[in-house]
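Beneath this line is the structure, given in structure tokens, with notes to follow.
The values are calculated or read from the model by the stated rules, or taken from the named source; none is laboratory data. In this text, all values refer to a predicted model and were calculated from it rather than measured experimentally. Note that each Cβ is placed from the backbone with ideal geometry, even for glycine, and that neighbours are counted across all protein chains shown. For the accessible areas, the whole protein counts, side chains as well, though only heavy atoms, and no ligand, DNA or RNA atoms are used. Shrake-Rupley method; radii C 1.70, N 1.55, O 1.52, S 1.80 Å.
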Amino acid sequence: MEKLQLREKLIFEALEKIEQFNFVIIGGYAVNTYAIPRFSVDCDIVLEDYGETRRIEEELTNNGYKKQITSKLELSYHGDFTRYEKNIMKDIDASFDILIKSVFDRDTKVKFDAKWIFENSNIIFLKGKTIIEKIKARVINIDALIVMKFISCRESDIRDVFMLIPKCINSKWIKEEINKRYDFNDRFKKIKNKITSKEFKNNLQGVYGKIDETTFERYKKALLDMNNFK
């Protein structure tokens, strides 16, 4: 079994161990639920209370995960958080980032309350990239995930938004939620500059695999059309 496949298998096994607890999956593993699966290093989960945190941490510890001392600067999103890692082999770990009460975007200073994340989540099947297993878990819904990634607007977030936006449910709601927290036009300009650049398609395919020209242009149009919703 390849390293990346083994990491994903361990993440899914751990999720099965903690499935009875109350948490929401965000980040890369949430993206995999809605778009062509991509590799994700960490599994990010959001919790509403510290009691649940202790129970999840105990279960992860019982399954070989160890609490890590981690700088908040290492995270795209942070708040009150804990990282747990399980060493697989040299230079490769399976890891969980546990975010408690809220998720705070480091660059924009935008905070997403755990309550909002829970309200905009559903219990659905979670998919991996390298394994065929699926598990039921509470995952942030696609529109709320787009809101979070649109605001963060790092290169990886822009790629994810590009792949997610054609499947969104309510574009108007997404734009409204972004504008409540940040300047939509600022974020849109950054995204537009990135997805219309010469290198974007190659960078996208480096993460998601080959994408034919017709699909690429359709996805690009769907994202650029976001600016037209009032």
Tell me which lysines have Cα within less than 20 Å of residue 172's Cα, excluding those fewer than 8 residues away on the same chain?
149, 180, 189, 190, 192, 220, 221, 230
Per-selection metrics, the chain (Cα): Rg and Dmax in Å:
17.3, 51
Given labels modelled 7 Å from the Cα in the Cβ direction, how far is it in nm from residue 134 to residue 119?
2.9 nm
Whole-angstrom gap from the range 191-230 to the range 77-134, using each part's C-alpha centre:
25 Å
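Report, as a whole number in µm² per second, the diffusion coefficient that Stokes-Einstein gives for the range 164-219 at 20 °C and 1.002 mPa s using the Kirkwood radius over alpha carbon pairs. Walk me through the intermediate numbers first.
Values: Rh = 12.9 Å.
Approximately 166 µm²/s, per Stokes-Einstein.
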Contour minus end-to-end for residue 154 and residue 19, with contour as 0.36 nm per residue of separation and end-to-end as the Cα-Cα distance?
45.6 nm
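Divide by every residue of the chain the summed helix terms, -39500 (n - 2.57) for each DSSP H run of at least 4, and state the resulting mean residue ellipticity at 222 nm, rounded to the nearest 500 deg cm²/dmol.
Details: 10 runs with 107 residues, N = 230.
When only DSSP H runs of four or more count, the value is -14000 deg cm²/dmol.
What is the dipole size for the chain, taken about its Cα centre, with +1 at each Lys and Arg Cβ and -1 at each Asp and Glu Cβ, in debye to the nearest 20? Don't skip to the end; give the middle numbers.
Numbers: 43 positive and 37 negative charges, 156 e Å.
The dipole of the chain has a size of about 760 debye.
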What residues of the range 1-21 lie in the reach of a label at residue 91, counting those whose backbone N is under 17 Å from a point 7 Å from the Cα along Cα→Cβ?
2-7
What number results when the radius of gyration of the range 114-230, computed over Cα atoms, is divided by 2.2 N^0.38 Å?
1.09
In degrees from 0 to 90, rounded to the nearest 10, what is the angle of the helix 171-181 Cα long axis to the longest principal axis of the chain?
70 degrees
Starting from a Cα-only point model with no solvent, please compute log10 I(q)/I(0) by Debye for the range 40-166 at q = 0.15 1/Å.
-0.80
For the chain, with a Gaussian network of springs between Cα atoms less than 10 Å apart, report the residue from 189, 198, 127 with the top mean-square fluctuation.
198
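How high is the relative contact order of the range 106-154, in percent, counting Cα pairs under 8 Å that sit 6 or more residues apart?
On the way: 38 pairs, mean separation 17.0, N = 49.
Computed over the range 106-154, the figure is 35 percent.
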Taking amide hydrogens as modeled 1.01 Å from N in the peptide plane, which residues meet the under 5 Å criterion relative to residue 135, leaving out close sequence neighbours?
126
Calculated FRET value between residue 55 and residue 189, using beta carbons and R₀ = 45 Å, to 0.05
0.55
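What is the magnitude of the charge dipole of the range 106-199 about its Cα centre, with +1 placed on the Cβ of each Lys and Arg, -1 on the Cβ of each Asp and Glu, and no other charges, expressed in debye to the nearest 20? Kindly include the intermediate steps, with their values, before the conclusion.
Numbers: 23 positive and 13 negative charges, 25 e Å.
Once rounded to the nearest 20, the dipole reads 120 debye.
Order the following by accessible area, largest value first: 54, 138, 218. Probe radius 1.4 Å; ligands, DNA and RNA are ignored. It would help to have the intermediate numbers written out before the result.
Working: 54 155, 138 70, 218 130 Å².
Highest to lowest solvent-accessible surface, that is 54, 218, 138.
Given a 1.4 Å probe, how much area per residue of the chain is accessible, in Å²?
Numbers: 11310 Å² over 230 residues.
For the chain, the per-residue accessible area is 49 Å².
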Dipole of the chain (Lys/Arg Cβ +1, Asp/Glu Cβ -1, origin at the Cα centre): which of 223, 139, 40 lies farthest to the positive side?
223
Which one, 182, 150, 200, projects farthest toward the positive side of the charge dipole computed for the range 136-230 from Cβ point charges (K/R +1, D/E -1)?
182
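Roughly how many debye, to the nearest 20, is the charge dipole of the range 1-113 about its Cα centre, given +1 on each Lys and Arg Cβ, -1 on each Asp and Glu Cβ, and no other charges?
So the dipole magnitude of the range 1-113 works out to roughly 280 debye.
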